[in-house]
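These notes are about the structure you will find just below.
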């Protein structure tokens, strides 16, 4: 990496009222934070889709649920 340390950003987004334009703005802003508005130096872009919880968890205040492996 040419002597430079790696950079990373994790952004948790509200799952409501998203559209492609707002997501593009978020990615653009993050690239700008890295000092890279146009070159696209993203090496890994991981997107996790979080779903609505089952009703039994929702009644106890859970607003989103991410599951893996079960």
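Remarks
- In region 50-59, the residue that is farthest from residue 27 (Cα to Cα) out of those that are in contact (Cβ under 8 Å) with a residue 12 or more places away in the chain and not in a strand (DSSP E or B) is 53.
- Residue 62, sole failed condition from (1) surrounded by 10 or more Cβ atoms within 10 Å (Cβ to Cβ); (2) more than 13 Å from the chain's Cα centre (by Cα); (3) part of a loop (DSSP other than H, G, I, E, B); (4) at pLDDT below 85: (4)
- Pairs where the first residue, in region 7-29, is farther than 15 Å from residue 48 by Cβ and the second is surrounded by 10 or more Cβ atoms within 10 Å (Cβ to Cβ), C-beta under 6 Å, 6+ apart: 7/34
- When 45, 23, 13, 31 are checked against the criterion of being within 23 Å of residue 65 (Cα to Cα), assigned to a helix (DSSP H, G or I) and at pLDDT 75 or above, a single residue qualifies: 23.
The values are calculated or read from the model by the stated rules, or taken from the named source; none is laboratory data. What you see is a predicted model, and the numbers here were worked out from it, not measured in a lab. All Cβ positions, even for glycine, are placed from backbone atoms using ideal geometry, and neighbour counts span all protein chains on display.
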